[in-house]
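Some notes on the structure that comes next.
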Amino acid sequence: MSPAGAPRALVYGLAVSGEAVAIALQRHGYELVIADDSVTLAKQQIADGLGVELIATPSASEIGRVVERCEMLCPAPGVPETHAAVVAALAAGVPVVSEIDLAYEWEQQRPGGARPILAVTGTDGKTTTTLLAAAMVTTAGRRAAAVGNTELPFVAALDSDAEVFVVECSSFRLNWLRSFRAEASVWLNLAEDHQNWHTSMASYEAAKSQIWAHLRATDVAVGFARDAVVMRNLTAVESRAMTRTFGSPDADYRLDGDSLTGPGGSFGSTREMNRTLPHDITNALAAAALTLETGLADAAAIRTTLANFRHPPHRIEPLGEHRGAQWFNDSKATTPHAALTAIRGFRHIVLLAGGRNKGLDLASLASEHDRIDAVVALGESAPIVAAAFDGLCPVTTATTMTEAVEQAAAAVRPGGVVLLSPACASYDWYPDGGYPARGEDFRRLVSRHFASASGRAAHEGDAR
């Protein structure tokens with residue numbers, strides 16, 4: 001129980017982040033109010049364990065009354081800026097506080113001093129770059145925790161033995177910042193996304209720019225030199241912090257032949273990397289900039305990390321080769337920008353694309369049609385995908401992932417690539433599992449197809 005007179009906080013949304021925030025707030029002496037728009041047995045059990053009533057699917061008027069009794073609103077990342085709880089809090093002057101702000105502010109109060117923080121944002125590549133940077137720090141001999149928009153919320157890691165935090169910052173977490181900053185932070189890119197959460201692209205950009213809102217003169221801001229929006233925002237912070245660029249031939253961190261090069265010289269080679277798709281190289285440059293600029297890793301640690309790094313699943317994940325064709329699971333690509341990043345790494349592609357569109361321009365996928373031999377259109381947005389490639393390459397439509405695998409196998413040529421890179425969310429076919437469920441289903445069906453086809457070939461050989 002919270003002490004009498006304790007500050008009251010409303011936690012809205014009780015998934016992974018919301019649960020971590022609720023637990024941390026209670027430990028810091030807050031009285032909790034918890035609400036959720038979609039209550040499940042698991043969420044009810046979490047609330048019961050905290051000894052707090054869970055308000056289920058409150059009306060807008062009820063939300064307003066609850067908000068007015070609180071000193072703070074902590075919305076889960078899935079609660080959009082247009083949500084009734086956010087609208088009510090802003091109208092009542094109740095602070096809307098992000099999970100990473102809470103963690104940052106508590107970390108600054110840590111006995112013995114705060115630990116170093118690195119931060120990563122961008123439309124695409126956040127998770128991989130975050131994990132790369134954490135691996136570089138770990139290889140250099142310090143315990144690093146990859147937190148934030150990962151499986152581990154920042155607030156849940158504060159009591160760990162981590163010596164360095166690498167924070168993956170989604171726009172949802174950045175949107176309400178009041179204090180968070182990092183010794184080094186990178187903005188990877190900006191493309192159309194999350195227009196079902198933000199009110200506009202301007203709002204989305206403004207949220208991303210918050211990663212540099214509270215920089216100190218000793219901090220380093222790193223931006224992708226090929227992205228005009230990122231560079232415009234990076235220029236705006238030059239008077240407040242050191243800036244570095246990456247990704248173009250004249251950037252501070254760049255590819256010089258096959259040498260990964262920074263202001264201090266070469267720190268690796270693409271020959272030593274375990275994968276060298278174009279975005280693998282830019283992610284490596286970004287992570288190296290974070291760790292080298294802060295002295296948290298050296299060139300030797302970076303080389304070792306890049307040679308041994310295991311890419312997270314569902315991100316251009318190789319599934320194997322069958323009858324001379326390679327198969328890849330890129331289910332994480334839920335926007336056209338992400339899908340195009342994958343497409344640009346291959347030729348002779350059979351592309352599996354579609355799902356639940358997030359209000360984005362799927363026609364842009366056809367801008368790389370010269371790399372694509374055929375398209376299998378999926379899910380709710382199949383007609384839009386099919387229309388985008390009409391007259392450019394053969395298109396079929398699948399009504400299940402099983403059909404999609406069968407159609408892709410029939411269309412791919414030896415030496416070609418089958419690429420699941422949907423450019424859409426997955427909640428039409430996988431309402432409870434998101435992109436991981438889609439990727440896992442694709443992986444399972446591809447494995448089954450390989451085994452079945454091999455079995456048929458063996459049987460035919462025996463018959464002969």
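For the reader, a short list of remarks on this structure follows.
- Unmet requirement for A387, which otherwise passes all of (1) open to solvent by 60 Å² or more (accessible area, probe 1.4 Å); (2) under 18 Å from A325 (Cβ atoms); (3) among the small types (G, A, S): (2)
- For the condition aliphatic (A, V, I, L, M), under 19 Å from W429 (Cα atoms) and in contact with an Asp or Glu (Cβ under 9 Å, 6 or more places away or on another chain), A307 does not qualify.
- For A60, the requirement of being of a type in the set (A, V, I, L, M), over 27 Å from the mean Cα position of the chain (by Cα) and farther than 30 Å from H214 by Cβ is met.
- Members of the stretch 417-439 that are open to solvent by 30 Å² or more (accessible area, probe 1.4 Å) and either over 23 Å from T335 (Cβ atoms) or in contact (Cβ under 8 Å) with a residue 40 or more places away in the chain (or both): Y427, D428, W429, Y435, P436
- Qualifying residue in the stretch 212-223 (condition: in contact (Cβ under 8 Å) with a residue 12 or more places away in the chain, on the phi > 0 side of the Ramachandran plot and buried (at least 16 other Cβ atoms within 10 Å of the Cβ)): no
- Check on G247, open to solvent by less than 40 Å² (accessible area, probe 1.4 Å), under 26 Å from A338 (Cα atoms) and not hydrophobic (A, V, I, L, M, F, W, C): yes
- Meets criteria (in contact (Cβ under 8 Å) with a residue 12 or more places away in the chain, assigned to a helix (DSSP H, G or I) and open to solvent by less than 30 Å² (accessible area, probe 1.4 Å)) for T123: no
- Any hit, the stretch 89-99, residues being open to solvent by less than 30 Å² (accessible area, probe 1.4 Å), farther than 15 Å from K208 by Cβ, in a loop (DSSP other than H, G, I, E, B) and not hydroxyl-bearing (S, T, Y): yes
- Residues in the stretch 22-31 that are open to solvent by 20 Å² or more (accessible area, probe 1.4 Å) and in contact with a helix residue (DSSP H, G or I) (Cβ under 8 Å, 6 or more places away or on another chain): I23, Q26, H28.
- Checking the stretch 108-119 against the condition returns no match, with no residue being in contact (Cβ under 8 Å) with a residue 12 or more places away in the chain, open to solvent by less than 60 Å² (accessible area, probe 1.4 Å) and over 30 Å from V186 (Cβ atoms).
- Any hit, the stretch 289-305, residues being in contact with a Leu (Cβ under 6 Å, 6 or more places away or on another chain) and open to solvent by less than 30 Å² (accessible area, probe 1.4 Å): yes
- Criterion: assigned to a loop (DSSP other than H, G, I, E, B), in contact (Cβ under 8 Å) with a residue 12 or more places away in the chain, surrounded by 21 or more Cβ atoms within 10 Å (Cβ to Cβ) and touching a Leu at 6+ places or on another chain (Cβ under 9 Å) - qualifying residue of A342, A333: A333
- In the stretch 394-416, residue surrounded by the most Cβ atoms within 10 Å (Cβ to Cβ) [restricted to those that are over 29 Å from the mean Cα position of the chain (by Cα) and farther than 16 Å from H322 by Cβ]: V395
The values are calculated or read from the model by the stated rules, or taken from the named source; none is laboratory data. What you see is a predicted model; the values in this text were computed from it and never measured. Note that each Cβ is placed from the backbone with ideal geometry, even for glycine, and that neighbours are counted across all protein chains shown. For accessibility, only protein heavy atoms count, side chains too; no ligands or nucleic acids. Shrake-Rupley method; radii C 1.70, N 1.55, O 1.52, S 1.80 Å.
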